[in-house]
Amino acid sequence: MALIVQKFGGTSVANPEKIKAVADRVMAVQRQGNRMVVVLSAMAGETNRFVDLAGQMQKLPDPREMDVLLASGEQVTVALCAMAIKEVGSDAVSLLGDQVKIRTDTSHTRARIENIDTELINKYLDEGKIVVVAGFQGVTGRNDITTLGRGGSDTTAVALAAALKADKCEIFTDVEGVYTTDPNIHPSARKIDRISYDEMLELASLGAKVLDIRSVGFAKRYNVPVHVRSSFTDTEGTWVVEEEEEMESMLVSGVTYNKNEARITIAKVPDTPGIASKIFSPISDAEIIVDMIIQNTRAGALTDMTFTVPRTEYDRAMQVVEKIATEVGAERVDGSREIAKVSVVGVGMRNHSGIATTIFQVLAREGINISMISTSEIKVSCVIDEKYTELAVRALHDAFALDKENVTEISHD
Ligand code: ADP
Ligand code: ASP
Ligand code: MG
């Protein structure tokens, strides 16, 4: 008997009809002789609605209370799904994160899973029940409810699959797998049949939100085969697995974008030793994660510092930065939420020059201004105005001919 963990995202449980369809799908797999654990997200749009409601109560909502609120969305779907299964004569039980004992640290709204107790789930599986677990939530050692960060239900599913030593973890979503870029942005995006954990980690870290990055980390660490596929078809999706010899080795594996960051600039800071530390220490003390940083030198002894932070932390970061700016005698602080980071990703880039040049040429041809650049061995990221995201993604995908398999050459026209 195989043990299978299946996770269904928000659009897959968006209304009662879809929840019934999930119940049917899961029961069919159970009837083939499998033990079934189902992980669900909140109905599409619910988590956003809660964030909005919280903002109407408190300007910077209390993180502990935020988690009590956010976790409620998944409570609704697991209960409804268990009911739908029982209605047609099968047996199911819904469980919340604290009932399972998905133990996390205390970082509210972005908690990390530390330990999962499998006893209760195994007991219900032994009784022949379908176990329906609320995604995205856990509990601290002091019994406070936590959530794992947006998109965190993927992580619940893969972490459960690892803890239960499941045979596979299937992630059901609203697209047919992992593509060379977001298929909702570019119709020529190509589905990737098999991708290595490492390559998927890169794509996820740079914005391919089809899989939450921490879920890929768990999958790699515990060697859980992950199958990303559509809730609405039976088509084979994408397998995320250990690197295999026959995997297509692409120069560039994908184009990603991330609209979850914001830019902050502190202008005309005295250019003296220790200034970066003076600026960034209080930001890190506030537990705000800084992604890209650039410093430009001006004439005279002044410099500008520009960096990006998560968009959800923008207000808090601005409060901290304005205080620092006064202390260090900077002229002004400005920032923007309307930015996007577009990245070209591929482990094959390691031994290849000219990728960055092509990217800059493509963006220039489209009249898109680049405000920040960062590169590593396997990616080039550019920060641009958010309104050009789709245009940039399509143009870069076309320039690297990602709609075709086994690309080894790039066009420089
Ligand atoms: P769910 O609610 O099922 O977790 P998400 O919205 O979190 O679904 O993730 C699925 C979405 O990820 C797709 O609808 C698609 O727009 C987006 N996406 C971004 N990049 C990619 C990619 N490279 N391949 C597939 N989907 C992608
Ligand atoms: N409901 C949560 C969110 O919208 C978690 C998830 O769907 O993965 O982010
Ligand atoms: Mg998701």
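The values are calculated or read from the model by the stated rules, or taken from the named source; none is laboratory data. The model shown is predicted, which means the values in this text are computed figures rather than measured ones. Cβ placement follows ideal geometry from the backbone for every residue including glycine, while neighbour counts extend to all protein chains displayed. SASA here: full protein model, heavy atoms, side chains in, ligands and nucleic acids out. Shrake-Rupley method; radii C 1.70, N 1.55, O 1.52, S 1.80 Å.
Quick look at the numbers
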| read-out | value |
| --- | --- |
| Subset of segment 207-225 that is within 13 Å of ligand 1 (Cβ to nearest atom) and open to solvent by less than 10 Å² (accessible area, probe 1.4 Å) - its residue that is farthest from residue 9 (Cα to Cα) | 216 |
| Hits in segment 150-164 (condition: surrounded by fewer than 24 Cβ atoms within 10 Å (Cβ to Cβ) and within 13 Å of ligand 2 (Cβ to nearest atom)) | 150, 151 |
| Given (1) buried (at least 17 other Cβ atoms within 10 Å of the Cβ); (2) in contact (Cβ under 8 Å) with a residue 24 or more places away in the chain; (3) within 20 Å of the chain's Cα centre (by Cα), index of the condition residue 45 fails | (1) |
| Residue in segment 143-155 that is assigned to a strand (DSSP E or B), free of Cβ contacts under 8 Å to residues at least 24 places away in the same chain and at negative phi present | no |
| Set 259, 220, 268, 278: member being within 16 Å of ligand 3 (Cβ to nearest atom) and of a type in the set (Lys, Arg) | 259 |
| Hits in segment 210-231 (condition: touching a strand residue (DSSP E or B) at 6+ places or on another chain (Cβ under 8 Å) and away from ligand 2 (no atom under 15 Å from the Cβ)) | 219, 224, 225, 227, 229, 230 |
| Filter result for residue 235 (open to solvent by 20 Å² or more (accessible area, probe 1.4 Å), assigned to a loop (DSSP other than H, G, I, E, B) and modelled with pLDDT of 95 or more) | yes |
| Sole residue being part of a strand (DSSP E or B), basic (Lys, Arg) and open to solvent by 60 Å² or more (accessible area, probe 1.4 Å), chosen from 278, 268 | 268 |
| Residue in segment 302-311 that is under 25 Å from residue 212 (Cβ atoms), part of a loop (DSSP other than H, G, I, E, B) and open to solvent by less than 20 Å² (accessible area, probe 1.4 Å) present | no |
| Failed item, numbered, when residue 246 is tested on (1) modelled with pLDDT under 95; (2) under 27 Å from residue 389 (Cβ atoms) | (2) |
| Subset of segment 50-88 that is of a type in the set (Lys, Arg) and either touching a residue at least 40 places away in the same chain (Cβ under 8 Å) or closer than 18 Å to residue 108 by Cβ (or both) - its residue that is surrounded by the most Cβ atoms within 10 Å (Cβ to Cβ) | 64 |
| Residue 366, sole failed condition from (1) in contact (Cβ under 8 Å) with a residue 24 or more places away in the chain; (2) out of contact with any strand residue (DSSP E or B) (no Cβ under 8 Å at 6 or more places or on another chain); (3) open to solvent by less than 40 Å² (accessible area, probe 1.4 Å) | (3) |
| Tally, over segment 322-363, of residues that are farther than 19 Å from residue 295 by Cβ, of a type in the set (Val, Ile, Thr), open to solvent by less than 20 Å² (accessible area, probe 1.4 Å) and in a helix (DSSP H, G or I) | 4 |
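Every residue, every condition in (1) open to solvent by 10 Å² or more (accessible area, probe 1.4 Å); (2) away from ligand 2 (no atom under 16 Å from the Cβ); (3) among the small types (Gly, Ala, Ser), yes or no:
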residue: 109; (1), (2), (3): yes, no, no
residue: 127; (1), (2), (3): yes, yes, no
residue: 137; (1), (2), (3): no, no, no
residue: 148; (1), (2), (3): no, no, no
residue: 166; (1), (2), (3): yes, yes, yes
residue: 171; (1), (2), (3): no, no, no
